[in-house]
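Taking it in order: structure first as structure tokens, then the write-up.
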Amino acid sequence: MAMINCDHVEYCYPGGTRALTSVSLKIECGECVALIGQNGAGKSTLSKLLNGLIRPTSGTIYLEGQDTSNYRTDEIAQRVGYVFQNPDDQIFSKTVHEECEYALKRLGVEQTEREERITQALSVCNLLEEAETNPLDLPLAQRKFVAIAAVLAMDPNYVILDEPTAGLDELGRRDLVAIMQWASNAGKSVIAVSHDMRFVIENFPRVVVMSQGGIISDNSVADAFSNDQVLAEAKLTVPPAVQISRHAGAPKELLQMDQIFNWCKDFLYRKS
């Protein structure tokens, strides 16, 4: 059974603006899934529905086989963590440690277990030395990781990341990927909303493409980025290296720079 199951979910904002239309989606625990599409496609709305921040206008979302309408938002958040694009929308405590501890206290987690979870989350996010620092005194990249650490400390089955690479340099991106790999190895699902196609190509085996409030493709990353019709409908552009490799006739499975480079070398060698 899929751990998250959206069954013909729709959502209208107050005032009648329809954001999602008949969205059905299943995500197994342990999957890495990217939600992509232009602004207004419905990605962030869908991700907030999964976390319980907003509730469907119609349709049903099941979590572990149970209708989430029977759960409070904080009960859903224990299993489906959400990291906002802007960490300053999420951070409010005076120290990094307190930020990670707040939700655990509210949940009644015993102190010894709290400290174990916090230490692990801060270690994974390279924040142990900043535990007593005011998070708002940290640079943007580290504030983003504080928000991620606070979610990881809750030990959810699913971690939703909204535009996680925004504001990160290459070092920050590598740190983010390491955190995602840790979460995946721990059996958690990572669901990312992203406009960063290179990030998606390099890290997500499954890609859900959205347009005008609906899902127009739910496929492997190779199939998603080789379907010109879907890309055109979603108004998405693949990275230049992938465009060049396609024109050269490279297999659709070759999406990452090192793969494309090696294929080009072999191609030129065969031609010589």
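The table for this structure:
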{"item": "Matching residues in the range 80-114 - criterion: being within 24 Å of G187 (Cα to Cα), of a type in the set (D, E) and loosely packed, with under 15 Cβ neighbours inside 10 Å", "result": "E110, E113"}
{"item": "Lone qualifier among V151, V146, V124 - being hydrophobic (A, V, I, L, M, F, W, C), in contact (Cβ under 8 Å) with a residue 12 or more places away in the chain, surrounded by 15 or more Cβ atoms within 10 Å (Cβ to Cβ) and under 22 Å from L35 (Cα atoms)", "result": "V151"}
{"item": "Residue, farthest from I148 (Cα to Cα), within the range 52-106, restricted to residues that are of a type in the set (A, V, I, L, M, F, W, C) and in contact (Cβ under 8 Å) with a residue 60 or more places away in the chain", "result": "L63"}
{"item": "Test: residue in the range 176-189 that is more than 19 Å from G81 (Cα to Cα), of a type outside the set (S, T, N, Q) and without any contact (Cβ under 8 Å) to a residue 40 or more places away in the chain", "result": "no"}
{"item": "Hits in the range 108-118 (condition: more than 13 Å from A153 (Cβ to Cβ) and assigned to a helix (DSSP H, G or I))", "result": "Q111, T112"}
{"item": "Residues located in the range 6-38, provided they are farther than 14 Å from I215 by Cα and without any contact (Cβ under 8 Å) to a residue 60 or more places away in the chain", "result": "C12, Y13, P14, G15, G16, T17"}
{"item": "Checklist (1) surrounded by fewer than 21 Cβ atoms within 10 Å (Cβ to Cβ); (2) within 28 Å of E31 (Cα to Cα); (3) among the hydroxyl-bearing types (S, T, Y) applied to T133, failing item", "result": "(2)"}
{"item": "Whichever residue in the range 29-70 is of a type in the set (K, R) and surrounded by fewer than 21 Cβ atoms within 10 Å (Cβ to Cβ) and, among such residues, is farthest from V230 (Cα to Cα)", "result": "R55"}
{"item": "Matching residues, the range 119-135, being aliphatic (A, V, I, L, M), part of a loop (DSSP other than H, G, I, E, B) and either in contact with a His (Cβ under 8 Å, 6 or more places away or on another chain) or more than 13 Å from A147 (Cα to Cα) (or both)", "result": "A131"}
{"item": "Candidates S245, S211, filtered to the one that is hydroxyl-bearing (S, T, Y) and modelled with pLDDT of 95 or more", "result": "S211"}
{"item": "Qualifying positions in the range 156-172 - buried (at least 18 other Cβ atoms within 10 Å of the Cβ) and more than 18 Å from N185 (Cα to Cα)", "result": "D162, E163, P164, T165, L168, G172"}
{"item": "The range 219-229: number of residues that are crowded, with 17+ Cβ neighbours inside 10 Å and touching a residue at least 12 places away in the same chain (Cβ under 8 Å)", "result": "4"}
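The values are calculated or read from the model by the stated rules, or taken from the named source; none is laboratory data. Because the structure is a prediction, the values reported are computed rather than measured. We place every Cβ from the backbone using ideal geometry, glycine too, and count neighbours over all the protein chains shown.
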